[in-house]
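Read through the structure below, which is laid out as structure tokens, and then see the notes.
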Amino acid sequence: MRLEIRGVHFNYGSTPALEDVSVEVGEGEVVSLVGPNGSGKTTLLKCINRILSPQRGTILLEKRDVSKVSLKELARLAGYVPQSAARSFPTTVFDTVLLGRKPYLGWAVSARDKDVALNLLRSMGMEDMILRDFNELSGGEKQKVLLARALAQEPAVLLLDEPTSNLDLRHQLEVMDLICSLAKGNGVSAIMAIHDLNLASRYSDRVILLKKGLVYAAGEPGSVLVPENIREVYCIDTIINEDSGKPYIIPLAPCHTSPPAEAVQQG
Amino acid sequence: MRASEAKELYSKFTTRKIVFILAGLGSLAAFTLFTVTIGSAGLSLSDVAHALFARIFPFSNIESTHLADVVVWKLRLPRIVMAVVGGAGLAVSGAIMQGVTRNPLVSPFTVGVSSAAAFGASIAIVLGFGLIGGESYIVMTNAFVFASIAAFLVYGLARIRGVTGETLVLAGIALMFLFSALTSLLQYFASEEQLQAVVQWMFGSLSGASWENIVTASILLFLCLPFLMKYSWDLNAIASGGDEIAKSLGVNAPRVRVVCLILAALITAGIICFTGVIGFVCLVSPHIARLLIGADHRFLLPCSAVLGALLLLVADTVGRNIISPVTIPVGIVTSLIGVPFFVYLLMTRRKEYWI
């Protein structure tokens, strides 16, 4: 197993965000974390990355306890792709990707560091943009650069926080294709928080459905993304179309059988 | 584009930055020599050259007049070298503080270091009270000690809520107002003469520069600078992505922030305790550097230093010659010259860098 999460609990103050969460991700596997706002998707990603420290439970990356490795080693094991990039001082695309080599760099940049960054940008068709200012890129281009930066860390596991939330349809598909081809081609595992159930269904090997910090259901998309589960967790009625081989979820309306306040916890 | 072309493009980009910094250093050296030759003493170029070389090569037979020797080595050069060291140090300090707080409006002013120094100096001037040193040094030592105290106070306050960029800036602004109020209080009770001395100090001036001051300021600058340069990549990570991203890249952002903040504050304190408050150069030099060569701290720090030194030197040269023999304090001229130049750069900025 690349990533083993065992019985993780996390509270923000007295508010529990994760309760007894256990997840395993194998080599080259793409796993989606789905669930309503506030169900703990992002919190779980941040625990893996040690941006947050869980109160209980262990997280093993490549059999190593993430709470015990140095930050630098952790950065070589896990690459993190944020939801969107904050605006920053002007930096070129190439320098942004080179930052992904930080866990390997001394002060000087080696030829290998440059090769890694360049090959990633080429594989995304962005080699013509290497000297562009990152801030001036479109949302889709930025997301690809951030993905390239995380991949430049040469991680065993990619952590993605809603990688498609700011993207148009074409870029959504491009980014997801890229993640899947990396998983299948290079064996990089990916675990991502994602809101779009149809993208999750189409691109993931497994889906983990979270409800208020608990794993409500986990398994292949077809077994997890069924109307009963979605109704219970999101409190909406859906119909599922299986023409494409993967479940395609068509939301109909919020259901009123259970109180909505229960499902829509604070985000 | 082929891989080799892209790589070449990037290495040219890096080379251009290095060439730019070296060219800046060259012009700084040239301008430094030029400024030695101008002043109200009416020395000719050859007088100045003789005076310079007579001391640099003491065993050669170059003769110099006593007047030229005093004007060049006691009056002009200390002032000029202090402008170079001070401008460089303040600019580096500003670049660091903007980087670690990810905030382009921050400078040693905003984190309270300058107003604390002013308060320290005011205590010495108004109350005649000094923490360390003899009568003639208490203004400087007080300014230095209070500036350092401010840096540690900011850190202490920020630490209670976690050392993020925002808490540093907020704690710094709070301290700035506190020390400004305390200084005003002292001014309120000061005599006419003392009041003038305080205001004079707060203008920022290079008139008091001496070789001892320069050595002290330089030692602090050159001790701290290598450490700051070493953190270049960590600063890049913090400045470009923020704390969470920096952490995911293996950078301990709070620790880097604290170390860099304290070092930058020390550099600032080591300069403004001799010169008084010279504010604008530390805010604007890093911005000019970023507009010209980008935000990679490996190049940004040396480039800011060169530009800061140039800006302060040009400002002081203008200040002491424009309505000679009256010297306008350098703090005032820096803003008068720097603002139009900065606005010009901002308005004409292209999408890519200048070089």
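The values are calculated or read from the model by the stated rules, or taken from the named source; none is laboratory data. All values reported here derive from a predicted model rather than from experimental measurement. Cβ atoms come from the backbone with ideal geometry, glycine included; neighbour counts cover every protein chain shown.
General observations
- Cβ-Cβ distances below 9 Å connect the following pairs, each with a first residue in the range A:67-85 that is more than 8 Å from every other protein chain (Cβ to nearest Cβ) and touching a residue at least 40 places away in the same chain (Cβ under 8 Å), a second residue that is part of a loop (DSSP other than H, G, I, E, B) and of a type in the set (Asp, Glu), and a separation of six or more residues or different chains: A:Leu77/A:Glu62; A:Gln83/A:Glu162; A:Ser84/A:Glu162.
- Residue match in the range B:12-23 (condition: within 21 Å of the chain's Cα centre (by Cα) and either surrounded by fewer than 13 Cβ atoms within 10 Å (Cβ to Cβ) or charged (D, E, K, R) (or both)): yes
- The requirement of being in contact with a Leu (Cβ under 9 Å, 6 or more places away or on another chain) and within 9 Å of chain B (Cβ to nearest Cβ) is fulfilled somewhere in the range A:119-127, by at least one residue.
- Top-ranked residue of the range B:223-232 - restricted to ones that are of a type outside the set (A, V, I, L, M) and part of a helix (DSSP H, G or I), ranked as surrounded by the most Cβ atoms within 10 Å (Cβ to Cβ): B:Cys224
- Hits in the range B:249-270 - residues which are small (Gly, Ala, Ser) and either within 14 Å of chain A (Cβ to nearest Cβ) or assigned to a loop (DSSP other than H, G, I, E, B) (or both): B:Gly250, B:Ala253
- Some residue of the range A:229-237 being touching a Ser or Thr at 6+ places or on another chain (Cβ under 9 Å) and either assigned to a strand (DSSP E or B) or hydroxyl-bearing (Ser, Thr, Tyr) (or both): no
- Contact annotation: residue pairs with Cβ atoms under 6 Å, 6 or more positions apart or on different chains, pairing a residue in the range B:4-15 that is closer than 16 Å to A:Val116 by Cβ and at the interface with another protein chain (Cβ under 8 Å from one of its Cβ atoms) with a partner that is charged (D, E, K, R) and surrounded by 15 or more Cβ atoms within 10 Å (Cβ to Cβ), are B:Ala6/A:Glu127.
- Checked against the criteria, A:Arg56 counts as among the basic types (Lys, Arg) and touching a His at 6+ places or on another chain (Cβ under 8 Å).
- Only a single criterion out of (1) at negative phi; (2) more than 8 Å from every other protein chain (Cβ to nearest Cβ); (3) over 20 Å from the mean Cα position of the chain (by Cα); (4) of a type outside the set (S, T, N, Q) is not satisfied by A:Gly57, namely (1).
- Criterion (at pLDDT below 95, more than 14 Å from chain A (Cβ to nearest Cβ) and buried (at least 19 other Cβ atoms within 10 Å of the Cβ)) met by exactly one of B:Thr65, B:Thr101, B:Thr35: B:Thr35
- Annotation: B:Ala23 fulfils all but one of (1) within 14 Å of chain A (Cβ to nearest Cβ); (2) modelled with pLDDT of 95 or more; the unmet one is (1).
- From the options B:Ser40, B:Ser27, B:Ser11, residue that is within 24 Å of B:Ser207 (Cα to Cα) and assigned to a helix (DSSP H, G or I): B:Ser27
- Filtering A:Arg101, A:Arg112 for residues that are at pLDDT 90 or above, surrounded by fewer than 19 Cβ atoms within 10 Å (Cβ to Cβ) and either within 12 Å of another protein chain (Cβ to nearest Cβ) or closer than 30 Å to B:Lys230 by Cβ (or both) leaves a single hit, A:Arg112.
- The range A:140-190: number of residues that are of a type in the set (Val, Ile, Thr) and more than 14 Å from every other protein chain (Cβ to nearest Cβ): 4
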